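Novice: Quick one: this structure, given as C-alpha cells, is what I'll be asking you about.
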Amino acid sequence: MRAVCIYAPNLSLFLKGRAETTQAPAQKAVAAALILPGSMGERALNPLEEIVGLAEAAGANVVDSDFQRRLKPDVRTAFGKGKVEELRILCSHHHANLLIVDHNLSPSQARNLEEEVMIRVVDRTELILDIFSTRARTRESRWQVELAQMQYLRTRLRRMWTHLERTEGAIGARGPGETQLESDRRMVDQRISKLRSRIKKVERRSVRRTNERASGVNASLVGYTN
C-alpha cells in the first residue's frame with residue numbers, strides 16, 4: 001500500500017506568522033513543466049529555463065527538472081500517468097521535498113499529484129505569489145500580496161485536509177474533519193475581510209491627498225545663486 005502525503009498545516013499558526021518573516025532553509029525541489037500546443041518562443045525552446053529561474057528566485061534549491069509535451073492537461077494530475085511516476089522516482093532519488101510545476105493546477109489536480117509523488121506540490125501561481133511576498137516592500141503592497149495568497153488558499157483548503165476527507169462519514173471522523181475545515185475557511189474569510197478593509201482605507205487616504213494637492217496653487221520657482 002502506498003503511503004499518502006498529508007499536507008495539513010496549522011492554519012492559525014500560518015496566519016499568525018504572516019507578520020513575522022523568517023528566513024527558511026532552501027528546499028530541495030524538482031521542477032516540472034507541462035508544454036501544451038501554442039507554446040511559442042524561448043519557453044518552447046527552453047521549457048524549463050523560466051520555471052527553474054523562478055524557483056531559485058523563491059529560494060529553492062532545484063536539484064533536477066523534467067517536462068512533458070501534451071495536447072491537453074490530464075484531468076486528474078495534469079501530467080500523464082507515466083510521467084507522474086517518473087517525477088515520483090525523480091523526487092525520491094534526490095530526496096526532494098517539493099515539486100514545482102510550471103502550470104496552473106486545479107485544487108483536485110494538485111491534491112492528486114501530491115498523493116502520487118508523496119511530497120508537497122506548488123504550481124506556477126503559488127510560486128509567483130510567494131516571490132511577490134518576498135519582494136513587497138511597502139505595507140500596502142504586502143497586504144495586496146497577502147490578500148491574493150489568502151484568496152488562492154481558500155479554494156485549496158480541502159486539499160490540505162485530504163486525510164480527513166478520506167475518512168469522511170466514518171465513525172469518529174465525521175465531526176472533527178468538517179469542523180476543522182469550516183474553522184479554517186472562517187479564519188481565511190476573516191483575514192480576507194480585514195485585508196480588504198485595510199487596503200480600502202489606504203486607497204481613500206491616497207485619493208484625499210491627491211485631491212488636496214489638486215485643489216491648491218501650484219507654483220514653480222526658478223532662480224540662481226552667485
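Novice: Starting from the amide H of residue 67, placed 1.01 Å from N in the peptide plane, find each other amide H under 5 Å away whose residue is 5 or more places distant or on another chain.
Specialist: For residue 67, the qualifying residues are 33.
Novice: Same structure, new question: Could you name the lysines in cross-link range of residue 28, using Cα to Cα under 25 Å and dropping any fewer than eight places away on the same chain?
Specialist: Filter leaves 81, 83.
Novice: Turning to a different aspect of this structure: Between residue 86 and residue 36, what length comes free when the chain is fully extended (0.36 nm per residue of separation minus the Cα-Cα distance, one decimal in nm)? List each step's numbers first, then the result.
Specialist: On the way: separation 50, 0.36 × 50 = 18.00 nm, distance 1.89 nm.
Between residue 86 and residue 36, full extension yields 16.1 nm more.
Novice: With each pseudo-label sitting 7 Å past Cα toward Cβ, what's the residue 211-residue 108 distance in nm, one decimal?
Specialist: 4.9 nm
Novice: Show me, for the stretch 62-77, the HN-Hα J-couplings you get by feeding each phi into the Karplus relation (A = 6.51, B = -1.76, C = 1.60, θ = phi - 60°), rounded to Hz, glycine and proline as x.
Specialist: Computed from phi, the couplings for the stretch 62-77 are 7, 8, 6, 8, 7, 8, 9, 9, 9, 6, 7, x, 5, 4, 8, 10 Hz.
Novice: Here's something else I'd like to know. Pop out the ³J(HN,Hα) list for the stretch 188-203 in order, Karplus 6.51 cos²θ - 1.76 cosθ + 1.60 with θ = phi - 60°, rounded to Hz; leave Gly and Pro as x.
Specialist: 5, 4, 5, 5, 4, 4, 5, 5, 4, 5, 5, 5, 5, 4, 5, 5
Novice: From Cα coordinates alone, what are the radius of gyration and Dmax values for the stretch 86-158 in angstrom?
Specialist: For the stretch 86-158, the Cα radius of gyration and maximum Cα-Cα distance read 14.0, 43 Å.
Novice: In whole Hz, what ³J(HN,Hα) sequence does the stretch 79-94 give by Karplus (6.51, -1.76, 1.60; θ = phi - 60°), x for Gly and Pro?
Specialist: Going residue by residue, I get 8, x, 4, x, 5, 4, 5, 4, 5, 4, 5, 4, 5, 5, 4, 8 Hz, with x marking Gly and Pro.
Novice: Let me ask something else. Suppose R0 equals 25 Å. What FRET efficiency, 1/(1 + (r/R0)^6) with r the Cβ-Cβ distance, do residue 183 and residue 148 give to the nearest 0.05?
Specialist: Values: r = 22 Å, r/R0 = 0.89.
Efficiency, from the Cβ-Cβ distance: 0.65.
Novice: Would you compute the Debye intensity of the stretch 50-119 from its alpha-carbon atoms alone, equal scatterers and no solvent, and pass along log10 I(q)/I(0) at q = 0.22 Å⁻¹ to two decimals?
Specialist: Evaluating at q = 0.22 Å⁻¹ gives log10 I(q)/I(0) of -1.04.
Novice: Give the long-range amide H neighbours of residue 105: residues separated by 5 or more places, or on another chain, with amide H under 5 Å away, using H modelled in the peptide plane at 1.01 Å from N.
Specialist: Counting only residues 5 or more places away or on other chains, the set is 124, 125.
Novice: List every residue whose amide H lies under 5 Å from the amide H of residue 98, counting only residues 5 or more places away in sequence or on a different chain, with H placed 1.01 Å from N in the peptide plane.
Specialist: It is 30, by chain and number.
Just so you know, all these numbers are worked out from the coordinates, no wet-lab data involved. Only a predicted model underlies this, so the values are computations on that prediction, with no experimental measurement involved. When we count neighbours, we look across all protein chains shown, and the Cβ atoms used for this are built from the backbone with ideal geometry, even at glycine.
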